[in-house]
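Enquirer: My questions all concern the structure below.
Read-outs throughout are calculated quantities, based only on the coordinates presented, and are distinct from any laboratory measurement. As the structure is a prediction and not an experimental result, all values here were calculated from the model. Neighbour counts run over all protein chains shown; Cβ positions are idealised from the backbone, glycine included.
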Amino acid sequence: MKGYYLLLIASLLFITKTAFSQNTFDIIINAKDRDKKCKACNYAFRQKPKEVRYSISRENNDLFFEINDVDWFHLVFKNPNDGISLDIVLKDRYDCGNTTKSKTQIKGLLLKPVYAQELKNGLLHHSGNVYRVKVGEVPRKLRDYNLEYNILFIGNNNLCQYYVTYDLDYYAWDLLDMGMYLDQLTYNVKQIKAFNTESYSIRNKKLKFIIPFKKNKTNYSKALIKPIYDSLSLTDFEIKTLKIKAYSSIEGITKRNIELQERRANSIVEALQAYQKPTIKTNVSASENWVEFFNDIKGTKYEYLKSQNKNQVRKSIAGAVSREMEPILKNHRKAVVELELEKKEKSKGQSVNRLLAEFNRAIAQDDIEKAKIIQNSIFQKVKTRAASSAILHKMKVPQEAKYAKIINKNAAYRYILDKKEALIVHGELLDLKKLAPRDIELQYNILAIEIMLWRYNAIDIQESKLIKKINNLKKGGIPKPLISRMKVNFHMVIADKFMKNRDFDNKDKSVEYVNRNYKKFPLSDYDFSSLAQFYSIYANSNLAVKLLERKARTIDIDEDLLFYYLNLTLVNKSLTQDPDYRTIMLNAINMNKTRFCNLFNAVEDGGVTFQLLEDEYIRETYCENCND
C-alpha cells in the first residue's frame, strides 16, 4: 500500500508562457523582482524542518492540502497575499506518441488560488498529527481523466515555489535482525514489503551458485551438477526450494534468447531433482542480461552503446562486432541458482503427540541429549505447521540449571514464531538467568528481546545500563559483529525517540553513528531494506541511496529491495540523469516488467507519478519497454 506522506520535489523553472491559454488569476508567474516579493515565503522554506511533510488528497472531487506541522503552516501562510493554487496535470501530456510536449511551468489547468485567511480558517484536524484544508475541486470537464495535482506556493501574489507530488511506497523502519540463540543463532526474517504488509519466515540454510553456459548450448550434464550437490552436506539437509534466474547474452532475437535460457534452467531443475525423492519447489525466470552488459562496457571502446536503445544495440553489434565482443558476452550467459535447504526430519513419520510423550519421558529420565533431539523434531513439526505452537507449552521441563539450554530454546523459539510473546518470554528468560547467570547465549537472547520491547515502548530502559550490558557480551565470547549489530539497533531506537521529541540534532548524531558502524557486520537483504527505510524515514534518504546504489546494479539483488531503491531515487533528477541509472531500470524491467511500468501510473491509480516521464531519459526507457 501507499503511505500517507508524499515526497515533494521543488521545480523552479523561469518561463513566460503556460501549457494552455488559461486564466492565471492574480498570480504573478515570473516577476523581475520575484526574489524580493518571495523573500518571506522562501525564508519559511529555508526554516522548514526536513521532517515536515505535506500532500494533496482527493475525496470525490474535493481537493485538500494536508500537513503534519501546524507551526510551519502558519509560518508559510503568514501574510494576506500568501496562498496556494493547484496545477491539475493530465497523463495524456506524456503519451509516448506525443513528440511536442511543451516545456512550461504550468503543465495543466490552474485552479483559483486560496489565500492565507481562508486557509487558516479552514484548517482542521484530520487524523493522527495530520491537518488539512480544502483548496479546490476537480473541474467537471477533467473528472474522467487520469490526473495529478501540483502545488503552487504563493507569496505576495507571486509564484514562489512549485512542487510536484510523488506518492512513494511508505516503509516502516525495522530493527536489524539480531536472531535468537537456540542450538545456534537462528533468524526469523520478514520479507521486504511496504507498510502494513508483513510476511515472516524462519530462515533456513541458503546457498547460492553461479552456473555458466556455453553459447547456444541447452543440455546440462548431471555430472556437472553433482559436485555442487555433494557440497551441500545433504546427509543432513534436503532441498526445499530452488530459485533459478537464467540469463542470456543480449545479441540475437529476444524470443529465442528467452526460450534458450528457460531450457537451460529446466535442465538444472531436472538434474537436482534426480538426487532426492521429495519434490523441490521451483521458481524459474529467464531474461536477457542487459544489466551486466551495460555494466561491463563502461570504460571500454563499446561504451557508446549505452546511449542506444535495445534494438539499436543489437544492430550495432551484429556480425563481426558481436564476435569481437565475445570475451565480454560469454560472461553474461549464466544461471544464478539459489537453494534453500531444510534439515531432514529424522522422526518424520511420528505424530507430534508421540514426540511430546517421548520428550517428557526423556526429561523425566534425565536424558538431556535425547530430549534436545526430540525438542528439535517438535520445532520442525511446528515450523512446517504439522503441529500448533501450543505444543511448546506442553513440554514439561523443571526449572533447574541443568535444563537451562532446553528452557532457553523453548522460550526463544516461541518468541521467534510470534513477537507478541515477547513480554512473556522476556520474563521467563530473566527468571532462567537466576539459575544460569553465566550463560552468555541466554544473556544475548534477553538483550535482543529487550531492545525490541524498548523500540515499541513496552518496557522502560536505562540507556546507560543497556549499552553496558551489550558491551559486556564481548567478555562472554559473543562475536564482535553481533555486538556491533546490537549497538546499531540501540542507536536506531535512540534516534526514533529523539525524533519524537523533536530533538533533531541528537537524532542526526545517532543516525551518523549507525552510518559509521553498519559496515562492521554483514547485511542480509532484509537488513539492507531495514537500514535504508530507517535513513529515509528520518530524512536522510541520501544515505539510503548510497547504501543501495551498488547493489541495485547486480542481477541477483532481491526484487523488493531493487524496487525500494527505485522508490528512493526515481524522483531525484541528479541520479536519474546518470547514464548508469538506465542499467538499474533495466534490472527492474527484467525482474518484473509490470511492476516497473505501474510506477508511472497516476498517483490515484497506485503509481509514483506519471510526471516522472517529464524526464526524457526515463521516458525513453518507459516508452521502449512499457508502451505495448
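Enquirer: By how many degrees, between 0 and 90 and to the nearest 10, does the Cα long axis of helix 404-417 differ from the longest principal axis of the chain?
Expert: The helix 404-417 is inclined about 30 degrees to the chain.
Enquirer: For an R0 of 22 angstrom, estimate the FRET efficiency from the Cβ-Cβ distance between Lys546 and Ser524 and round to the nearest 0.05.
Expert: Working: r = 19 Å, r/R0 = 0.84.
Computed FRET efficiency for Lys546 and Ser524: 0.75.
Enquirer: Using alpha carbons only, what's the Rg to Rh ratio of the chain with Rh from Kirkwood? Please list the in-between numbers first.
Expert: On the way: Rg = 29.1 Å, Rh = 28.4 Å.
Rg/Rh: 1.03.
Enquirer: If you don't mind, another one. How far apart, in nanometres, would the label points at Lys475 and Glu463 be if each is projected 7 angstrom from Cα along the Cα-to-Cβ direction?
Expert: It is 2.4 nm.
Enquirer: While we're looking at this one, here's another question. Below 12 angstrom from the Cβ of Val284, what's the summed charge of the other residues (Lys, Arg +1; Asp, Glu -1)? Walk me through the numbers on the way to the answer.
Expert: On the way: positive: Lys243, Lys245, Arg263, Arg264, Lys281; negative: Glu262, Glu270, Glu338.
So the surrounding residues net to +2.
Enquirer: Kindly express, to the nearest 10 degrees and within the range 0 to 90, the angle between helix 616-626's C-alpha long axis and the longest C-alpha principal axis of the chain.
Expert: The angle comes out at about 60 degrees.
Enquirer: Please label the shape of the range 432-489 as rounded, prolate or oblate, based on the square roots a ≥ b ≥ c of the eigenvalues of the alpha-carbon gyration tensor (a/c under 1.5 means rounded; beyond that, a/b larger than b/c means prolate, else oblate). Working shown, then result.
Expert: Values: a/c = 1.87, a/b = 1.21, b/c = 1.55.
It is oblate, given that a/c is not under 1.5 and a/b is not larger than b/c.
Enquirer: Among the aspartates and glutamates, select those whose C-alpha is under 20 Å from the C-alpha of Lys433, and discard any that sit fewer than 8 residues away in the same chain.
Expert: Hits, sequence-local ones excluded: Asp183, Glu400, Glu421, Glu441, Glu450, Asp460.
Enquirer: Have a look at Leu355, Ile56, Asn501 and report the one farthest towards the positive end of the charge dipole of the chain, computed about the Cα centre with Cβ charges (Lys/Arg +1, Asp/Glu -1).
Expert: Projecting each Cα onto the dipole axis, the largest value belongs to Leu355.
Enquirer: Length gain on complete extension for the stretch Lys215 to Ala390, per 0.36 nm per residue less the alpha carbon to alpha carbon distance? Mind dumping the intermediate values first?
Expert: Numbers: separation 175, 0.36 × 175 = 63.00 nm, distance 5.49 nm.
Taking Lys215 through Ala390 to full extension adds about 57.5 nm, to one decimal.
Enquirer: Using a cut-off of 12 Å between beta-carbons, work out the net charge of the residues near Glu441 (Lys and Arg +1, Asp and Glu -1, Glu441 not included). Before the final figure, lay out each step's value.
Expert: On the way: positive: Lys405, Lys409, Lys433, Arg438; negative: Asp183, Asp439.
It works out to a net charge of +2.
Enquirer: Also: Under the Kirkwood approximation applied to all pairs of distinct alpha-carbon atoms, what is the hydrodynamic radius of the range 7-166 in Å?
Expert: On the way: mean 1/r = 0.0615 Å⁻¹.
Evaluated on the range 7-166, it is 16.3 Å.
Enquirer: Further question on the same structure: List Cys160, Cys597 from most exposed to least, where exposure is judged by having the fewest other Cβ atoms within 10 Å. Please report the intermediate quantities before stating the final value.
Expert: On the way: Cys160 24, Cys597 17.
Placing the least packed residue first, the sequence is Cys597, Cys160.
Enquirer: How high is the FRET efficiency from Ile328 to Glu259, r the C-beta distance, R0 35 Å, rounded to 0.05? Please list the in-between numbers first.
Expert: Details: r = 23 Å, r/R0 = 0.65.
Calculated value: 0.95.
Enquirer: Give, as ranges by residue number, the residues of the range 458-475 whose backbone N falls under 17 Å from the point 7 Å along Cα→Cβ of Leu185.
Expert: Within reach of a label on Leu185: 470-475.
Enquirer: Relative to the longest principal Cα axis of the chain, at what angle does helix 525-537 sit, 0 to 90 degrees, rounded to 10?
Expert: Long axis of 525-537 versus the principal axis of the chain: about 40 degrees.
Enquirer: At Gln399 and Cys623, where each label point lies 7 Å from the Cα along Cα→Cβ, what is the point-to-point distance in nanometres?
Expert: Here the modelled spin labels are 7.3 nm apart.
Enquirer: Quick one: check the C-alpha center-to-center distance for the range 385-428 versus the range 76-100, whole angstrom.
Expert: Here the two parts' Cα centres lie 58 Å apart.
Enquirer: Subtracting the Cα-Cα distance from 0.36 nm times the residue separation, let me have the gained length for Lys206 to Asp26 in nm, one decimal. The partial results should precede the final answer.
Expert: On the way: separation 180, 0.36 × 180 = 64.80 nm, distance 6.42 nm.
Extra length available between Lys206 and Asp26 comes to 58.4 nm.
Enquirer: So if we plug the beta-carbon distance of Ser574 and Asp366 into 1/(1 + (r/R0)^6) with R0 = 45 Å, what FRET efficiency do we get, rounded to 0.05? Walk me through the numbers on the way to the answer.
Expert: Numbers: r = 68 Å, r/R0 = 1.51.
Calculated transfer efficiency: 0.10.
Enquirer: Okay, moving on. Could you tell me the relative contact order of the range 315-462? Use alpha-carbon pairs under 8 Å, at least six residues apart, and round to a whole percent.
Expert: Details: 83 pairs, mean separation 21.8, N = 148.
RCO, the range 315-462: 15 percent.
Enquirer: Work out, step by step, the length gained on full extension between Thr594 and Lys298: first 0.36 nm times the residue separation, then minus their alpha carbon distance; give nm to one decimal. All intermediate terms of the calculation are to be shown ahead of the outcome.
Expert: Values: separation 296, 0.36 × 296 = 106.56 nm, distance 2.81 nm.
Full-extension gain reported as 103.8 nm.
Enquirer: Rounded to the nearest 500, what is the 222 nm mean residue ellipticity of the chain from helices alone, with -39500 (n - 2.57) per DSSP H run of 4+ residues and division by all residues? Numbers along the way, then the final one.
Expert: Working: 25 runs with 263 residues, N = 628.
Taken over the chain, the calculation gives -12500 deg cm²/dmol.
Enquirer: Sticking with this one: In 5 Å bins starting at zero, report the fraction of Cα pairs in the range 27-109 per bin as a rounded %.
Expert: Using 5 Å bins, I get a P(r) of 3, 10, 16, 18, 18, 17, 11, 6, 2, 0 for the range 27-109.
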